[in-house]
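Asks: First, the structure itself, so that you have it in front of you.
The values are calculated or read from the model by the stated rules, or taken from the named source; none is laboratory data. Bear in mind that the values here come from a model prediction, so they are computed numbers and not experimental data. Note that each Cβ is placed from the backbone with ideal geometry, even for glycine, and that neighbours are counted across all protein chains shown.
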């Protein structure tokens with residue numbers, strides 16, 4: 001059974017590589033490339049984008065009244081999002097070193113780059129900055145919580161849950177009391193091995209035996 005699971009994981013990994021290759025091909029067709037984390041456009045593309053930008057008066061005329069009056073509700077969420085960012089970042093800064101598991105880099109999840117698109121007006125750019133931050137923050141927080149779960153409670157749920165993180169596949173089966181302890185220790189060791197890999201050391205190769 002485990003061999004079959006590993007085979008399926010390998011196939012999924014191969015498909016993810018193919019998907020990224022397809023994205024790269026699409027970027028080439030849209031005439032831009034990524035270099036050192038920056039978007040590089042081919043000559044003339046930015047001018048053609050500027051010509052397609054919708055001016056603010058036309059944008060507002062074409063916007064639904066329902067969208068306009070609900071906008072303050074959307075933007076009011078910046079307060080709880082910012083607090084979530086602050087508290088979760090503080091949590092991992094304090095606790096992850098104690099657990100010897102790697103910290104999650106915000107920059108890997110929160111991407112603010114769509115405001116650079118010339119075919120967007122300033123309202124659309126503001127919306128894109130906001131969405132990029134909030135959705136990236138949710139992904140960042142999810143990864144922190146996933147690593148925490150993999151360290152403290154690596155047990156599958158009895159019923160399938162939507163949107164589980166990748167670490168969940170390695171969790172102990174629900175109700176498998178006999179193998180729970182060794183698989184729990186193995187899950188912790190995997191998390192700590194990621195930390196050693198990030199630090200390029202072998203300090204915790206033997207795992208953390210502290211209770």
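Asks: Any chance you could count how many residues in region 54-77 are assigned to a loop (DSSP other than H, G, I, E, B), closer than 11 Å to residue 123 by Cβ and in contact (Cβ under 8 Å) with a residue 40 or more places away in the chain?
Replies: As a first pass, look at region 54-77 and keep what is assigned to a loop (DSSP other than H, G, I, E, B): 54-55, 63-64, 77.
Filter once more, keeping what is closer than 11 Å to residue 123 by Cβ: 54-55, 63.
If we keep only those that are in contact (Cβ under 8 Å) with a residue 40 or more places away in the chain as well, we get 54-55.
Looking only at that region, the number is 2.
Asks: Which of the residues belonging to region 25-48 are assigned to a helix (DSSP H, G or I) and either surrounded by 11 or more Cβ atoms within 10 Å (Cβ to Cβ) or modelled with pLDDT under 75 (or both)?
Replies: If we filter region 25-48 for residues that are assigned to a helix (DSSP H, G or I), which is where we start, we get 25-29, 45-48.
Residues satisfying the conditions are 26, 27, 28, 29, 45, 46, 48.
Asks: Please pick out the residue among 123, 101 that is surrounded by 14 or more Cβ atoms within 10 Å (Cβ to Cβ), in contact (Cβ under 8 Å) with a residue 60 or more places away in the chain and closer than 30 Å to residue 55 by Cβ.
Replies: Details: 101 fails: closer than 30 Å to residue 55 by Cβ.
Going through 123, 101 in turn, just one is surrounded by 14 or more Cβ atoms within 10 Å (Cβ to Cβ), in contact (Cβ under 8 Å) with a residue 60 or more places away in the chain and closer than 30 Å to residue 55 by Cβ: 123.
Asks: Go through (1) in contact with a helix residue (DSSP H, G or I) (Cβ under 7 Å, 6 or more places away or on another chain); (2) under 16 Å from residue 5 (Cα atoms) for residue 173 and report which single condition fails.
Replies: (1)
Asks: Check region 115-137 and report whether any residue there is touching a strand residue (DSSP E or B) at 6+ places or on another chain (Cβ under 8 Å), modelled with pLDDT under 95 and farther than 30 Å from residue 150 by Cβ.
Replies: Taking region 115-137 as the starting set, the residues that turn out to be touching a strand residue (DSSP E or B) at 6+ places or on another chain (Cβ under 8 Å) are 116.
Now drop any that are not modelled with pLDDT under 95, which leaves 116.
Cutting the leftovers down to farther than 30 Å from residue 150 by Cβ gives us 116.
Yes, there is a match, as at least one residue in region 115-137 is touching a strand residue (DSSP E or B) at 6+ places or on another chain (Cβ under 8 Å), modelled with pLDDT under 95 and farther than 30 Å from residue 150 by Cβ.
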